[in-house]
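A.B. asks: Sharing a structure here in structure tokens format.
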Amino acid sequence: ESKGILNVTEADKTRAAEVKKTGNDFFQKQNFESAIESYTKAISLNPYDGTLYCNRSACYKKLKSKSFLKSLSKGLLNVSICNSYQKSLEDAESALQIDQKYSKAHRRKAEAYLAKGNVRVKQLPLI
């Protein structure tokens, strides 16, 4: 075993799956802050599960959307919204480091870039 690689036990994986389920429940109830806490705890138990990062990425996206709408209705601009987009992007990239073919993580990454306004659309030639 190389230094820096965490040893994740089956018990850790099982507990992470349980905590992930709790996070999923919070997500369904649109309690994104609590879902983020759950996914973060699950990641600490099993940092090699890309779905945990991808789910947390979705929470950051939803959280900033909710914050943005609330800020608009109050006439305020929430500066932390940009940080939520960045965190969403970072988590999507973490998921892709674990599994480069994880299509949902690619979508989350693209959504984060779009939300941040960091996308240049290029017309591709028709074949």
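Each value in this text was obtained by applying a stated rule to the coordinates, not by laboratory testing. All of these numbers come straight from a predicted model, not from anything done at the bench. When we count neighbours, we look across all protein chains shown, and the Cβ atoms used for this are built from the backbone with ideal geometry, even at glycine.
A.B. asks: Once both labels are modelled 7 Å past Cα along the beta-carbon direction, what's the S44-E18 spacing in nm?
C.D. replies: Between S44 and E18, the label points sit 1.6 nm apart.
A.B. asks: May I pose another question? Work out how much length N31 to V8 would gain on full extension: take 0.36 nm times their residue separation and subtract the Cα-Cα distance, in nm to one decimal.
C.D. replies: Between N31 and V8, full extension yields 5.5 nm more.
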